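For reference, the structure is listed below as structure tokens.
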Amino acid sequence: MRSMNLSGSSCHHCRHCRDYQMSSRRDGNCQQLSVTVKGNWKACPLFVSTFTPDWETPVESNMQTVLI
């Protein structure tokens, strides 16, 4: 029986990112960058896995600094 070697494969493609919205068979939209991307492109540094729980993603604060 042959075992699968996944160490050489990478899931870091745009189509595996949480912010990727598919629009056709090969193309989609990056919600972070507001641009059209191909699903097989290597993901950018903003990549967040689709299966990452919400508590692991950074949350932007809506708080403003108030000077007294």
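Of all residues in region 9-23, those that are more than 9 Å from the chain's Cα centre (by Cα) and modelled with pLDDT under 90 total 3.
Name the residues in region 20-41 that are assigned to a strand (DSSP E or B), touching a helix residue (DSSP H, G or I) at 6+ places or on another chain (Cβ under 8 Å) and not hydroxyl-bearing (Ser, Thr, Tyr), would you? Met22, Gly28, Cys30, Val37, Lys38, listed by residue number.
The values are calculated or read from the model by the stated rules, or taken from the named source; none is laboratory data. Values in this document were obtained by computation on a predicted structure and should not be read as measured data. Methodologically, a virtual Cβ is constructed for each residue, glycine included, from the backbone with ideal geometry; neighbour enumeration extends over all protein chains shown.
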